[in-house]
1. Quick check on Glu199: is it part of a strand (DSSP E or B), under 21 Å from the mean Cα position of the chain (by Cα) and at pLDDT below 95?
2. Taking interchain pairs and intrachain pairs at least six residues apart, which have beta carbon atoms under 6 angstrom, with the first residue in the stretch 176-191 and under 18 Å from Arg85 (Cβ atoms) and the second at pLDDT 90 or above and hydroxyl-bearing (Ser, Thr, Tyr)?
3. Is it fair to say Lys32 is free of Cβ contacts under 8 Å to residues at least 24 places away in the same chain and either among the hydroxyl-bearing types (Ser, Thr, Tyr) or not in a loop (DSSP other than H, G, I, E, B) (or both)?
4. Here is a check on your reading of the model: is Leu145 under 23 Å from Arg93 (Cβ atoms), buried (at least 18 other Cβ atoms within 10 Å of the Cβ) and at pLDDT 95 or above?
5. Out of all the residues in the stretch 231-245, which are among the small types (Gly, Ala, Ser) and over 14 Å from Tyr198 (Cα atoms)?
6. Just name the residue that is modelled with the lowest pLDDT out of those in the stretch 40-58 that are open to solvent by less than 50 Å² (accessible area, probe 1.4 Å) and assigned to a loop (DSSP other than H, G, I, E, B).
7. Report yes if some residue within the stretch 17-32 is under 15 Å from Asp202 (Cβ atoms) and at pLDDT 95 or above; otherwise report no.
8. Which residues, counting only those in the stretch 67-91, are in contact with a Phe, Trp or Tyr (Cβ under 9 Å, 6 or more places away or on another chain) and of a type in the set (S, T, N, Q)?
Amino acid sequence: MIAARLCFSLLFLLSLPACSSLERLAKAGAAKPSAFLPHAADLKKTKADHDPFLRVWRNDSKEVWAKAETKKTLYIAPVSLDYLRPMTKPMSRVEVREKSRQKEAKKLATYIRDQFTQAFRNSKTPRYEIVETPQKDSVTLELALVEFNPNSIAAGLTRRAINLLAVPGAESIVGRPLKGSIAIEGRVWDPEQKESLYEFADAEHNRSALILSVHDYNAYSASRKTVREWAAQFEQITRTPAGGRVKDSSPFTLMLW
C-alpha cells in the first residue's frame, strides 16, 4: 500500500512540470510590485518554460541595448531592505519575532549579493566580469528583498502530516499558507545612458517534497536555497539572447535538502 502511494505520488509530481500552467500553480504567487522598480506597472507575466522569474520588463529600445551591449562589467549594488514588508504568514508571525526576522533579513541581504557575485565568478562563460565599484564600462544590478516569511517548523510538521494522511505531495496543493516564502525584485541599470535595461520580480516558497525536506524544519534554509537558484538563473539570463529560454525551477523536489 505504501509503495503504491509513493509510486502514484512520484508520477504525479514528475508529470506536473511538463505542464507549465500547473507548475506555476504549485509555486508561490507573484508578490505585489513595490516602488523599487521604475517600471513595476509594466511587468509582464512569464511562462515557466521560458523564464525563471514570474514577472519581467525589458527595455524595447534597440538603440539603448546596442549601447548597453558594449558594457563588459557588472557592479552588484548592496541589496535594499527599504521595501521589505511585514510578515504575512500567520504561522511565521507566531514562531518568529520581528526583531529576529529583521536581523536575519540583513544577513540574507548580504548573502544575496554574495551569491549573485559568485554565480558570475563561478560561471565558465560569464557575460560580465564582476567589479567592486562601478566602472565606465559597467552596468549595475540593483536588488531589493520585498517579502520574507521565515518557515514555520510547526507548519512544516503539519504539511508532512497532510502527506501521510493523504498521499505524498498532497500538501503541494493545499499547503501554500503553511510555507515560508521570499520575494525579490531586481533591475539592470545603465548609469551612462540613465536607462533601465531589464527588470524582474519573483517569489518562491518552500518546495514540496515527495517524502521529506530538511528545509521544512529550518526557518531560513529554504530562503537561502532559493537565493542560490535566483543567482544562477540571473547569470544564465545575462548570456541568453533576448527571446531565449531559461527554465524556471520546479516547485517539487525529490531531495532531502
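1. Numbers: part of a strand (DSSP E or B): yes; under 21 Å from the mean Cα position of the chain (by Cα): yes; at pLDDT below 95: no.
Spelling it out, it is not the case that Glu199 is part of a strand (DSSP E or B), under 21 Å from the mean Cα position of the chain (by Cα) and at pLDDT below 95.
2. Final answer for the pair search is Ile182/Ser223; Ile182/Thr226.
3. Working: free of Cβ contacts under 8 Å to residues at least 24 places away in the same chain: yes; either among the hydroxyl-bearing types (Ser, Thr, Tyr) or not in a loop (DSSP other than H, G, I, E, B) (or both): no.
It is false that Lys32 is free of Cβ contacts under 8 Å to residues at least 24 places away in the same chain and either among the hydroxyl-bearing types (Ser, Thr, Tyr) or not in a loop (DSSP other than H, G, I, E, B) (or both).
4. Numbers: under 23 Å from Arg93 (Cβ atoms): yes; buried (at least 18 other Cβ atoms within 10 Å of the Cβ): yes; at pLDDT 95 or above: yes.
Judged against the criteria, Leu145 is a match.
5. As a first pass, look at the stretch 231-245 and keep what is among the small types (Gly, Ala, Ser): 231-232, 242-244.
Matches in the stretch 231-245: Ala231, Ala232, Gly244.
6. Taking the stretch 40-58 as the starting set, the residues that turn out to be open to solvent by less than 50 Å² (accessible area, probe 1.4 Å) are 40, 43, 46, 48, 51-54, 56-57.
Subsequent filtering for residues that are assigned to a loop (DSSP other than H, G, I, E, B) retains 43, 46, 48, 51-54.
Working: Leu43: 97, Thr46: 92, Ala48: 79, Asp51: 90, Pro52: 92, Phe53: 95, Leu54: 94.
Taking the candidates together, the pick is Ala48.
7. No, the conditions are met nowhere in the stretch 17-32.
8. Residues satisfying the conditions are Thr73, Ser80.
The values are calculated or read from the model by the stated rules, or taken from the named source; none is laboratory data. Worth saying up front: this structure is predicted, and the values here are computed from it rather than measured. Counting neighbours? That spans all protein chains shown, and the Cβs are built from the backbone with ideal geometry, glycine included. Ligands, DNA and RNA are stripped out before the accessible areas are found, and what is left, the full protein with its side chains, is counted by its heavy atoms. Shrake-Rupley method; radii C 1.70, N 1.55, O 1.52, S 1.80 Å.
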